[in-house]
Amino acid sequence: MSQREHSRSKGKKSRKKKHHSQTVAPVDSTLDLFSQSFDKALLELIPRSFAKQYSVYPLRREEDRLEVAMSQPKNFSVLNELRIITGLMIEPVKAEEGDIQQLIVRDYPSDLNIDNLFVGQDFDQVELVQTSAANEESPVIKTVNALLEEAVDRRASDIHFDPQEKYLAVRIRIDGEMRELKRLPKNVQQAVTSRIKIISSLDITETRLPQDGRAMLNNEGRAVDLRVSILPTIHGEKIVIRILDRSVGIRKLDEFKFDPLVLKNFRHALTQPHGIILVTGPTGSGKSSTLYAALQELNTSDVNIITVEDPVEFQLEGINQVAVNSSIGLTFASGLRSILRQDPNIVMVGEIRDKETAEIAIRASMTGHLVLSTLHTNDSVSTINRLIDMEVDSFLVANALEGVLAQRLVKRVCTSCRVKVEATEQERIFLEEHGMYRTELVKGKGCAKCGSTGYQGRIAIQELMLMTAEMRRMVTNQATNDELFGYVKQQNMKFIVHDGIDKIIAGDTTVEELLKVVAEDT
């Protein structure tokens, strides 16, 4: 071989070696992670903490190449970190961040084996030093942190610590349904309760009265707000923690999948210069989310918006938010009085709970302010008599109320495993009673993405009642709930059940889910 040929051959080998030392260019197509299975033995190549932080998941390996799902496949610093960690050449494939995080939670072993923490431990005589913030290696602290992080990772809205006679049950609520997460030994119950009280700034010595507090959790760089409620029971103190993930952000009205006409009319109501608009429904029906979305839409530089809330769930830039503090006398009513001296255009009251707050809110809406608030009622029409039951004069309700948006949340059919199935006899009868004739409906058959439930996430179903001149006359004359219901029915108002049926026909939810939130004779 000549010297020139030898140099050329050496150059080719050198270039080939250099090619293998670098990362492959990212793939632009998005991969459906739940349509196939992957080798879980590859999880050992990438630490769980790294996978969660950067949303990466190992898929396949061929010799010195590793295919990795990434939410940001063009992040070359992460690609190089992966190459260093694994010692392999990385082939990135784009995937949805939420799907990757869901796979990590499902497939990676937990960082913490809670059962092993209590081996050889005796918590019958609880020493509070074990639950103090200074002792982060305490098994109790590790347990509480692990359970809270697990609840956040699984998209739970609440975590419950339910004391039973022989154990402490830990349950989480996902998409409105309770699921058992863990059973802890009975002898750690007091220590776990004390730990939660400490992080929530509550009185650890008070065990006979209910307490409410709040705490913050930092989960992989995500700020999570915890609302803690403690209730004494016969087997100890029951704890419910509401989880508010601030990283999710505030949704826009367009994202709620409103009926187009309802959304148009709701937006029109929000443009009124004064009056009161209420969003109603049971606890956990998404009332606050709807109000926040409305406030975001109204939030411009030429209006002064002030809210009074208990608690402030999300901080809105450009809006002045006041947190209720009953211990020092700052209630909804007193806060609202002070707000009205701050020259507001729009006022949001977190919830109307009593006569005093209702009267101040209604009078404020009649003196040039647009007032938004929530109320617990079963439907939009009964809201009128609910206000009158609070001893608010009927003529005030009639003149101030502009509209009521009532809503519920139903589980949404999983988009990854939805299929058409034959409607059951009960489903056909229910739909026919409401003027719909269907022999086939959409349901989820169950897959890895939805945990074999057939559902993932929730969707709102709504009805909007707008006040008319005739309704104001009827309310002033103290019309009954049945009379008001009969009138809006004659006006062809679309009720919650009708919106639910539309979403069933569109394949968004099921008859089974709708019947959980509306009466069959609606």
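The values are calculated or read from the model by the stated rules, or taken from the named source; none is laboratory data. Being a predicted model, the structure only gives us computed values, none of them experimental. Ideal geometry is used to build each Cβ from the backbone, glycine not excepted, and the neighbour counts take in all protein chains shown. Side chains are part of the model used for accessible areas, which takes the heavy atoms of the whole protein and leaves out ligands, DNA and RNA. Shrake-Rupley method; radii C 1.70, N 1.55, O 1.52, S 1.80 Å.
Fully extending the segment from Gln478 to Ala506, taken as 0.36 nm per residue of separation minus the present Cα-Cα distance, adds 6.1 nm. Rounded to two decimals, the Cα radius of gyration of the range 217-363 over 2.2 N^0.38 Å is 1.15.
The portion of the accessible surface of the range 378-439 made up by carbon and sulfur, rounded to a whole percent, is 42 (1.4 Å probe; DNA, RNA and ligands excluded).
For Asn492 and Asp389, the FRET efficiency from 1/(1 + (r/R0)^6), where r spans their Cβ atoms and R0 equals 25 Å, is about 0.35. In the context of the full protein assembly, His274 retains an accessible surface of approximately 90 Å², using a probe radius of 1.4 Å and ignoring ligands and nucleic acids.
Where the centre of each part is set by its Cα atoms, how far does the range 312-359 sit from the range 372-406, in angstrom? One Cα centre to the other: 18 Å. Here the extension length gained between His268 and Gln164 equals 32.3 nm, from 0.36 nm per residue of separation less the Cα-Cα distance.
Only beta bridges with both residues in the range 312-458 are counted; by DSSP, about 65 percent of them are antiparallel. Would you tally the net charge around Ser382, using a Cβ to Cβ cut-off of less than 11 Å, leaving Ser382 out, and scoring K and R as +1, D and E as -1? It works out to a net charge of -2.
Taking the Cα-to-Cβ direction at Asp212 and at Leu231 and moving 7 Å from each Cα, how far apart do the two end points lie in nm? The two pseudo-label positions are separated by 1.3 nm.
Computed over the alpha carbons of the range 448-522, Rg followed by Dmax gives 16.7, 57 Å.
Just the number, please: carbon plus sulfur as a percent of the accessible area of the range 153-251, 1.4 Å probe, no ligands or DNA/RNA counted. Provide the component values of the computation, followed by the final result.
Numbers: 2360 of 4900 Å².
Roughly 48 percent, rounded to a whole number.
Residue-normalised convex hull volume from the C-alpha trace of the chain: 220 Å³ per residue.
Looking at the range 261-375 alone, DSSP beta bridges between its own residues are antiparallel in about 5 percent of cases.
Sketch the reach of a paramagnetic label on Leu45 as a point 7 Å from Cα along Cα-to-Cβ, and name the residues of the range 63-91 whose backbone nitrogen lies under 17 Å away. Hits in the range 63-91 for Leu45 at 17 Å: 63-71, 73, 78-91. Placing pseudo-labels 7 Å out from each Cα toward the beta carbon at Lys516 and Lys355 gives an inter-label distance of 3.9 nm.
Could the peptides 303-313, 401-411 be put in order, highest first, of the mean number of other beta-carbon atoms found within 10 Å of their residues?
Details: 303-313: 18.9, 401-411: 23.9.
My ranking of the peptides, most packed first, is 401-411, 303-313.
Keeping all protein chains in place, calculate the accessible area per residue for the chain (probe 1.4 angstrom), answer in Å². Can you show the working numbers first?
Working: 26480 Å² over 522 residues.
Accessible area per residue: 51 Å².
What the Cα atoms of the range 225-303 give is an Rg and a Dmax of 17.2, 55 Å.
The value for the range 37-96 of Rg(Cα) / (2.2 N^0.38 Å) is 0.97.
In this structure, Ile85 and Gln36 have a Cβ-Cβ separation that, at R0 = 41 Å, corresponds to a calculated FRET efficiency of about 0.95.
Under 16 Å from a label point set 7 Å out along the Cα-to-Cβ vector of Asn325, the amide N atoms of the range 200-220 belong to 201-202, 212-215.
Entry note, the range 458-510: relative contact order of 54 percent, from Cα contacts under 8 Å with a spacing of 6+ residues.
Can you give the Rg to Rh ratio of the range 286-379, both from alpha-carbon atoms, with Rh computed by the Kirkwood formula?
Numbers: Rg = 12.4 Å, Rh = 13.4 Å.
Ratio of gyration radius to Kirkwood radius: 0.93.
Among DSSP beta bridges lying fully in the chain, give the percent that are antiparallel, nearest 5. Around 65 percent antiparallel, to the nearest 5. With K and R counted +1 and D and E -1, the other residues having a Cβ less than 10 Å from that of Met178 yield a net charge of -1. In the range 367-521, the convex hull through the Cα atoms has an average projected area of 10.8 nm², a quarter of its surface area. For the range 406-478, the normalised intensity computed at q = 0.15, 0.16, 0.19, 0.25 Å⁻¹ comes to -0.71, -0.75, -0.90, -1.11 (log10 of I(q)/I(0), Debye sum over alpha carbons, equal scatterers, no solvent).
Only Cα pairs under 8 Å and 6+ residues apart enter the sum, and on that basis the relative contact order of the chain stands at 9 percent. The listed residues Val78, Val105 rank as Val105, Val78 when sorted by accessible area, largest first, using a 1.4 Å probe.
Gyration tensor analysis over the Cα atoms of the range 133-283 returns equivalent ellipsoid semi-axes of 36, 17, 15 Å (largest first, whole Å). Annotation: for a label point projected 7 angstrom from Cα along Cα→Cβ of Met436, residues of the range 471-507 with backbone N closer than 15 Å are 494-507.
Exposure check, 1.4 Å probe, all protein chains in place: Phe495 carries approximately 20 Å² of accessible surface.
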